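What follows is a single structure, written as structure tokens, with notes after it.
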Amino acid sequence: MRDTLPEEMERFRRVEEAFRSACFRWGYREIRTPVLEHLHLFTTAGTLSPQMLGRVYSFLDWDGWSGERVVLRPDSTIPSARLYAESMNGRVAKLFYVQNVFRFAEGDESREDWQCGVELIGERRPLGDVELILLGREVLSSLGLEVDVRLSHPGLIRAVLARAGLDAAEQLALYDRILDGDTSVLAELQGRLPDVGASLEVLLAVEGEGSAYLSNLRASFAGSIPGLAAPLDELSVVAGALEALDCRCRISAAMVRNFEYYTGPAFQFEVAGRRVGGGGRYDALVSLVGGRQAPASGFALEAGDIAAALPARPSAGPRVATVTAAKSDRRSLAAAFRLAAALRERGLAVQVAGSAPRGAPRVSVSGKGFLLAGAGGKARRLAAVEDVAQALRSVLQ
Amino acid sequence: VIKLALPAGDLRGPVARVLAAAGLHVEGYGEGSRSYVLSIAGGGGVARVFREKDIPIQIALGNYDIGVCGLAWIEELRARFPGQPVVPLRDLGVGRSALFAAAAGGMDRLVARPGLRIASEFPNVAEAFALGARLPAYRVQAVWGAAEAYPPEDADIAVVAAADEAALAAHGLTPLHRLLDSSAWLIANADSLAARDLAPLLDPLARGARRGGAPGLRLPPPLPTDGRAPATAVRSREALRLALPDGHQQRHIVAALRDAALLPPSGYDEAECVRRPASPLEGLEIKVLRPHDMPQLVATGEIDLAATGRDCLIEHLSRFPSSPVDEVADLQRGQYNLAAVVSEDVPADDLAGALAYWHGQGRRVIRVASEFPGIADSYARGRHLGRYQIIPIAGASEGFVPEDADLLIEGTETGTTLAVNRLKAIDLIFRSTSVLIAGKGRRLSGRRRELYRHVVSALRRAAMRTGAV
């Protein structure tokens with residue numbers, strides 16, 4: 001549980017505005033999905049991983065006598081896929097949202113995270129993946145952040161684990177250990193795959209640079225682990241296109257965590273070595289939540305983390321004027337509110353209640369006209385509303 | 001003083017023998033004393049008797065340092081709250097059973113069919129089981145008991161404790177998956193273990209116990225869907241389904257049925273209780289279940305008519321206000337009061353006075369314990385208790401106040417039990433009797449409607465005679 005203070009809120013809105021305007025520029029349309037969803041949307045195989053499901057907030061609703069639970073939205077991609085299946089099935093949909101997700105976190109960490117997410121549903125070609133990576137990078141760059149892109153494919157590890165003859169539960173357990181950096185897994189796998197010539201460490205524990213690294217992996221492993229060929233081909237197209245656009249990316253086989261729905265190229269955005277967003281291709285998800293089979297990919301940026309990483313903006317100075325009444329009788333109060341309304345109509349930010357910010361202009365209303373103070377120089381008396389507006393404009397705008 | 005939580009119920013005898021063998025005599029425990037707080041000779045400390053289900057929770061809360069309960073109940077807590085500070089220490093080697101997922105009526109293997117209904121007294125384990133198997137759109141029905149009687153009519157799968165596969169077969173169930181091998185375990189609160197000297201009790205108990213770590217839940221691997229149609233909640237049927245209660249309600253309902261000339265010819269009377277008694281009327285199907293679980297079954301349409309307590313109905317409606325269940329007859333039997341109960345030491349005669357006293361004592365959170373958590377929550381909200389904590393309990397509630405709760409929402413007939421436990425009622429919430437409940441606005445036709453009218457009117461007539469008397 002965490003509050004967002006005014007300064008933090010300003011940073012958050014900067015992120016949101018940069019994201020929304022970039023999405024509009026790239027032809028995406030905004031959606032919103034409910035905070036409360038049916039739990040079953042997230043429990044089917046191929047949606048959320050059991051580890052993630054162990055951290056959701058689910059409960060019986062007031063009409064949950066049948067035992068069917070509801071959940072505070074733990075993820076936005078699955079509800080977006082549901083929305084698409086129910087209302088837009090069969091079309092190409094370019095959607096974005098800014099909304100919160102809820103997951104249990106230990107200690108004082110926030111259990112509510114705000115995400116700026118994009119879903120591109122119905123686009124089969126790899127240009128969709130490339131567009132999403134460029135869009136995410138553009139949002140972060142427009143905020144003045146230096147972005148690193150990491151690229152992966154869940155099919156890489158799946159191909160190795162399947163070739164090792166592991167069942168679904170064993171694959172899941174080993175996959176998590178690999179993601180947790182448990183290097184002993186590599187020895188276990190190498191033992192199960194004696195006929196794979198090259199060291200699995202090159203594939204599972206080393207990060208490489210773009211197309212060159214992918215070519216090396218293909219040369220080293222594709223012969224002995226045929227399942228690697230398809231994911232390597234998909235990654236090569238995306239990485240190659242990005243390189244040609246001067247977008248360098250690092251390749252990491254062990255990157256995708258806790259989401260079972262990724263089926264193709266996956267990516268992460270990092271700022272100063274910290275993950276601030278990620279996404280990937282999820283071609284099976286729409287059909288899993290009741291729609292027709294539809295290719296799809298998407299990403300989400302962690303708005304709170306990005307806001308915290310933003311460089312401080314120089315203070316814009318006082319931006320609101322304060323109108324005060326000379327007395328507290330109804331005539332004086334009405335005169336103060338009337339002046340404030342007239343100034344707001346002229347595009348100025350003007351308050352009546354509350355104390356004046358330090359260094360901000362103040363206008364006192366009395367029967368003798370308007371006394372303007374805090375606008376540079378000595379206090380001065382003005383007769384007309386327009387004169388007050390002009391004087392404030394020079395200070396506030 | 002070391003605080004020890006001991007189980008009531010079936011485990012009481014075997015655990016008493018383990019304690020005796022360890023040289024610990026808990027006064028009155030083996031003899032079935034009605035007192036809930038007992039002193040321990042030999043090891044020092046004090047023991048409190050709980051329903052087994054409540055023991056891991058009390059240990060996790062830190063109200064008790066060590067306890068004894070079945071591993072299945074520990075896993076029930078840990079399946080939902082894995083970070084709770086409960087440490088299984090030793091297998092005491094008694095109370096052996098296993099947790100199974102089981103089915104009846106043609107389901108002989110676990111399938112991932114959408115909409116499967118899972119009934120269990122262990123709802124958190126059942127959830128973990130369904131998530132592990134990745135069952136699509138499953139529903140877990142948390143029941144107070146008799147889960148083994150649910151398949152195939154009222155659930156597709158039951159997650160139940162049983163001695164072995166043969167015991168399941170005796171209930172007509174086929175095991176689909178063995179989730180856990182359970183037995184009575186000595187457990188401790190992690191903080192107590194880290195900071196307090198528990199050796200006077202731990203030493204003798206651990207000495208004779210088996211070593212080794214506690215086994216965890218064995219969850220099934222993810223299953224592919226079998227492509228079959230979703231399981232449907234309510235199957236079309238010819239029979240009218242009537243549910244009758246077991247437990248303390250049974251004698252009242254037997255009397256009501258006898259007065260209405262509706263008593264089954266066998267299997268349900270003062271001395272006998274089988275889950276599916278023979279029916280006195282053609283087309284009427286009878287099932288005996290826990291009274292707490294009946295409103296849910298009526299709401300989902302599995303059961304057409306049920307005899308239960310008004311307390312159970314109001315508890316259900318407190319949790320699910322729009323549930324389509326209605327009281328159709330007051331059977332005028334089994335009357336008792338549901339009341340707010342406090343310790344005799346609280347110098348107040350009403351709730352306002354009690355609240356003023358607790359606040360004056362610096363108590364910031366009012367702890368409310370009840371077997372009826374929905375009613376307790378509704379009461380606490382409606383009576384503006386401020387910051388409060390509802391402690392759902394499985395029974396043996398009189399022993400909770402004053403150490404482990406401030407307020408009980410508790411049934412009382414004559415007040416004698418309250419007085420024995422130094423408690424007093426300060427607010428009457430409602431008067432409960434046995435009632436007949438049915439689905440609100442549900443339309444029956446043909447023989448089912450005929451039977452429904454016959455049963456309801458016969459019981460109403462009998463109730464009117466009872467009320468007149």
Expected field for residue B:263, accessible surface area in Å² at 1.4 Å probe radius, rounded to 10, holds 40 Å²
Within 10 Å of the Cβ of an average residue in A:265-272, the count of other chain Cβ atoms is 0
Here the convex hull volume per residue of the range A:210-368, taken over Cα atoms and given in Å³, is 239 Å³
Row for the range B:112-266, column shape: gyration tensor on C-alpha, a ≥ b ≥ c, rounded if a/c < 1.5 i.e. under 1.5, prolate if a/b over b/c, else oblate; value oblate
With +1 at each Lys and Arg Cβ and -1 at each Asp and Glu Cβ, the charge dipole magnitude of chain B around its Cα centre, to the nearest 20 debye, comes out at 1000 debye
Per the helix-only model, chain B has a calculated mean residue ellipticity at 222 nm (DSSP H runs of ≥4, -39500 (n - 2.57) each, divided over all residues, rounded to the nearest 500) of -8000 deg cm²/dmol
Mean per-residue count of partner chain Cβ within 10 Å for B:136-143 equals 5
Mean-square fluctuation maximum in Gaussian network of chain A, Cα pairs under 10 Å, restricted to A:147, A:320, A:238, hits A:320
Per residue, accessible area of the range A:342-381 with a 1.4 Å probe, heavy atoms of protein chains only, in Å², comes to 61 Å²
Two pseudo-spin positions, 7 Å from Cα along C-beta at residue A:105 and at residue A:344, lie apart in nanometres by 3.6 nm
Carbon/sulfur accessible area of the range B:269-391, % of total, 1.4 Å probe, equals 44 percent
In the range A:1-144 the accessible area split gives carbon plus sulfur, as whole percent at 1.4 Å, a share of 51 percent
Per residue, the convex hull enclosing the alpha carbons of the range B:238-296 has a volume in Å³ of 81 Å³
Cα pairs beyond 42 Å in chain B, in percent, come to 19 percent
By the Cα gyration tensor axes a ≥ b ≥ c (a/c under 1.5 gives rounded; else a/b larger than b/c gives prolate, otherwise oblate), the shape of the range A:1-91 is oblate
Among B:260, B:277, B:291, the residue whose Cα sits farthest towards the positive end of the charge dipole of the range B:257-310 (+1 at Cβ of Lys and Arg, -1 at Cβ of Asp and Glu, taken about the Cα centre) is B:291
When the charge dipole of the protein assembly as shown is computed with +1 at the Cβ of Lys and Arg and -1 at the Cβ of Asp and Glu, the Cα pointing farthest to the positive end, of B:125, B:300, A:26, is that of A:26
Among A:217, A:382, A:242, the residue with the largest mean-square fluctuation in a Gaussian network model of chain A built from Cα contacts under 10 Å is A:382
What the 5 Å binned alpha carbon P(r) of the range A:110-167 shows, as percent of pairs per bin from 0, is 4, 12, 15, 17, 15, 15, 12, 6, 2, 0
So the compactness index of the range A:106-237, its C-alpha Rg divided by 2.2 N^0.38 Å, takes the value 1.25
From the Cα centre of the range B:136-205 to that of the range B:237-258, the distance in Å is 28 Å
Note, residue A:3: beta-carbon cut-off 13 Å, +1 each Lys/Arg, -1 each Asp/Glu, net -3
Summing -39500 (n - 2.57) over every DSSP H run of at least 4 in chain A, dividing by its residue total and rounding to the nearest 500, the 222 nm mean residue ellipticity is -12000 deg cm²/dmol
Here the whole-number average of other chain Cβ atoms within 10 Å per Cβ of B:124-133 is 2
Answer in debye to the nearest 20: the dipole magnitude of chain A about its Cα centre, from +1 Lys/Arg and -1 Asp/Glu charges placed on Cβ, is 2660 debye
With +1 on the Cβ of every Lys and Arg and -1 on the Cβ of every Asp and Glu, the dipole magnitude of the protein assembly as shown about its Cα centre, in debye rounded to the nearest 20, is 2900 debye
Per the rule of 0.36 nm per residue minus the C-alpha distance, extending residue A:30 to residue A:51 adds in nm 4.6 nm
Taking only Cα atoms of the range A:200-299, the Rg to Rh ratio with Kirkwood Rh works out at 0.98
Taking Cα pairs closer than 8 Å and at least 6 residues apart, the relative contact order of the range B:75-187 in percent is 44 percent
Among A:117, A:216, A:359, the residue whose Cα sits farthest towards the positive end of the charge dipole of chain A (+1 at Cβ of Lys and Arg, -1 at Cβ of Asp and Glu, taken about the Cα centre) is A:359
Inverse of <1/r> over all distinct C-alpha pairs of the protein assembly as shown, i.e. the Kirkwood Rh in Å, gives 32.1 Å
Excluding residues fewer than 8 positions from residue A:368 in its own chain, the lysines with Cα under 21 Å of it are A:327, A:378
Checked the range B:301-441 with the C-alpha gyration tensor, a ≥ b ≥ c its square-rooted eigenvalues, rounded below a/c of 1.5, otherwise prolate if a/b is larger than b/c and oblate if not; verdict prolate
Cα-based Rg then Dmax for the range A:145-193, in Å, read 12.9, 44
Output row B,A: buried area (accessible, probe 1.4 Å, summed both chains) in Å², nearest hundred, equals 1800 Å²
Counting only DSSP loop positions in the range B:48-132, the trypsin sites (Lys or Arg not before Pro) whose Cβ has at most 10 other Cβ atoms within 10 Å are B:109
Expressed in angstrom and ordered largest first, the alpha-carbon extents of chain A along the principal axes are 96, 56, 43
Eigenvalues of the alpha-carbon gyration tensor of the range B:279-337, times 5 and square-rooted, give semi-axes in Å, largest first, of 20, 16, 10
Restricting to Cα pairs under 8 Å and 6 or more apart, the percent relative contact order of chain A works out to 17 percent
Those residues in the range A:138-180 that give up at least 20 Å² of accessible surface, probe 1.4 Å, once the partner protein chains are present instead of the chain by itself are A:168, A:169
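The values are calculated or read from the model by the stated rules, or taken from the named source; none is laboratory data. Every value quoted in this text rests on a predicted model; they were computed, and no experiment measured them. Note that each Cβ is placed from the backbone with ideal geometry, even for glycine, and that neighbours are counted across all protein chains shown. Note: accessible area is taken over every heavy atom of the protein model, side chains too, but ligands, DNA and RNA are not part of it. Shrake-Rupley method; radii C 1.70, N 1.55, O 1.52, S 1.80 Å.
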